[in-house]
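K.L.:
Before anything else, here's the structure in question.
Values quoted throughout were computed directly from the atomic coordinates according to the rules given, and no laboratory measurement underlies them. Worth saying up front: this structure is predicted, and the values here are computed from it rather than measured. With ideal geometry, Cβ positions are generated from the backbone for all residues, glycine too; neighbour counts draw on all protein chains shown.
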Amino acid sequence: MKLLYFAWIRERIGRGGETLEVPAEVATIADLLAWLKARGPEYGEAFARPDLVRAAINQTHVKADAPIAGAREIAFFPPVTGG
Amino acid sequence: MAVRVQAEDFDVGRETSALTAGRTDIGAIVTFTGTVRGEAKGRPLASMTLEHYPGMTEAELERVEAEAHARWPLDASLIIHRYGELKPGDNIVLVIAASRHRHAAFEAAAYLMDYLKSRAPFWKKETALDGTGHWVDARETDEAALARWEGFGTRDA
């Protein structure tokens, strides 16, 4: 599964994205966040405040309970600050 | 209807002329330009860098623009948003809404800005004069600004 990270989440993890084999029991965005957090301290730091983490599946905003089955691309980022 | 995400600057006059060239049905054109302020929380700024999510940014801007066209009788519209390193005073974003009458154009331009601020995947990082960087926090007031559009806007505006 292709994962992308933006802004301070990208900086804390130390890369803009990666392709990972995600176990089948990881069913939702919230599950994926918890699974990533356990991968190492840099992920723990990036996702320490889940309330400040937003997600997109296939370039569309989704909520934490969104199922990830069949997702081509999942992105994690802080609340947006454009305009 | 058009959306552009680019590093390059834009010229408001040139974009407005191009959007409405040859059109005699339009009676009202509202343009909004957002620019980089030279200070943040009382401290002078050296630069502001905008990061974005290529692909999703364009898709979100197009969704926001389509929604504005569904709510107001717009005859033409344009959204340009820049990314990369910008200096104080530089242009960041341009929204143009054109309609037969002013109310639809005013309202649609404000709606486009409110929605793109809360939906389009851009992130601002400010760099102070001493080189330290700071990611701008999202403002709750931006999210609250969306509430006023509930049930607002009609094709008869």
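K.L.:
Please go through the range A:59-83 and give me each residue that is in a loop (DSSP other than H, G, I, E, B), of a type outside the set (Lys, Arg) and within 14 Å of chain B (Cβ to nearest Cβ), ordered by number. Walk me through how you get there before you give the answer.
P.N.:
The first filter runs over the range A:59-83 and keeps only residues in a loop (DSSP other than H, G, I, E, B), leaving A:59, A:63-66, A:68-72, A:78-83.
After this cut, where a residue has to be of a type outside the set (Lys, Arg) as well, the list is A:59, A:64-66, A:68-71, A:78-83.
Listed by number, the residues that qualify are A:Gln59, A:Ala71, A:Pro78, A:Pro79, A:Val80, A:Thr81, A:Gly82, A:Gly83.
K.L.:
Being in contact with a strand residue (DSSP E or B) (Cβ under 7 Å, 6 or more places away or on another chain) and either part of a loop (DSSP other than H, G, I, E, B) or over 14 Å from A:Thr81 (Cβ atoms) (or both) is the filter here; which residues of the range B:133-154 pass it?
P.N.:
Narrowing the range B:133-154 to residues in contact with a strand residue (DSSP E or B) (Cβ under 7 Å, 6 or more places away or on another chain): B:133-136.
If the condition is that a residue be in contact with a strand residue (DSSP E or B) (Cβ under 7 Å, 6 or more places away or on another chain) and either part of a loop (DSSP other than H, G, I, E, B) or over 14 Å from A:Thr81 (Cβ atoms) (or both), then B:Val136 is the only one that fits.
K.L.:
If you don't mind, there's one more thing I want to ask. If you take the residues of the range A:38-54 that are among the hydrophobic types (A, V, I, L, M, F, W, C) and farther than 17 Å from A:Arg15 by Cβ, which of them is surrounded by the fewest Cβ atoms within 10 Å (Cβ to Cβ)? Before the answer, list the steps.
P.N.:
Applying the first criterion (among the hydrophobic types (A, V, I, L, M, F, W, C)) to the range A:38-54 yields A:38, A:46-48, A:52-53.
Add one more test, that the residue is farther than 17 Å from A:Arg15 by Cβ, and what stays is A:38, A:48, A:52.
Working: A:Ala38: 8, A:Ala48: 11, A:Leu52: 14.
Filtering the range A:38-54 for residues that are among the hydrophobic types (A, V, I, L, M, F, W, C) and farther than 17 Å from A:Arg15 by Cβ, the one surrounded by the fewest Cβ atoms within 10 Å (Cβ to Cβ) comes out as A:Ala38.
K.L.:
Moving on. Quick one: in the range B:34-80, which of the residues that are among the polar types (S, T, N, Q), part of a strand (DSSP E or B) and within 14 Å of chain A (Cβ to nearest Cβ) is nearest to the chain's Cα centre (by Cα)?
P.N.:
Pass one, the range B:34-80, residues among the polar types (S, T, N, Q): B:35, B:47, B:49, B:57, B:77.
Next, only the ones that are part of a strand (DSSP E or B) stay: B:35, B:47, B:49, B:77.
Now narrow it down to the ones that are within 14 Å of chain A (Cβ to nearest Cβ): B:35, B:49.
Details: B:Thr35: 10, B:Thr49: 16 Å.
The selected residue is B:Thr35.
K.L.:
Test of understanding: among A:Glu25, A:Glu21, A:Glu42, which residue is outside any loop (DSSP other than H, G, I, E, B) and of a type in the set (D, E, K, R)? Let's see the steps before the verdict.
P.N.:
On the way: A:Glu25 fails: outside any loop (DSSP other than H, G, I, E, B); A:Glu21 fails: outside any loop (DSSP other than H, G, I, E, B).
Sole residue among the options that is outside any loop (DSSP other than H, G, I, E, B) and of a type in the set (D, E, K, R): A:Glu42.
K.L.:
Let me ask something else. May I ask you to list the residues in the range A:57-81 that are under 21 Å from B:Asp142 (Cβ atoms), β-branched (Val, Ile, Thr) and surrounded by 17 or more Cβ atoms within 10 Å (Cβ to Cβ)?
P.N.:
Matches in the range A:57-81: A:Val62, A:Val80, A:Thr81.
K.L.:
Could you go through the range A:50-58 and let me know if any residue there is in a loop (DSSP other than H, G, I, E, B) and farther than 23 Å from B:Arg82 by Cα.
P.N.:
The answer is yes; a qualifying residue exists.
K.L.:
Could you look through the range B:120-135, keep only residues that are surrounded by 18 or more Cβ atoms within 10 Å (Cβ to Cβ) and under 22 Å from A:His61 (Cα atoms), and pick out the one that is farthest from the other protein chains (Cβ to nearest Cβ)? Walk me through how you get there before you give the answer.
P.N.:
Filtering the range B:120-135 for residues surrounded by 18 or more Cβ atoms within 10 Å (Cβ to Cβ) gives B:120-126.
Now restrict to residues that are under 22 Å from A:His61 (Cα atoms): B:120-125.
Numbers: B:Ala120: 5, B:Pro121: 5, B:Phe122: 3, B:Trp123: 4, B:Lys124: 5, B:Lys125: 7 Å.
Among residues in the range B:120-135 that are surrounded by 18 or more Cβ atoms within 10 Å (Cβ to Cβ) and under 22 Å from A:His61 (Cα atoms), the one farthest from the other protein chains (Cβ to nearest Cβ) is B:Lys125.
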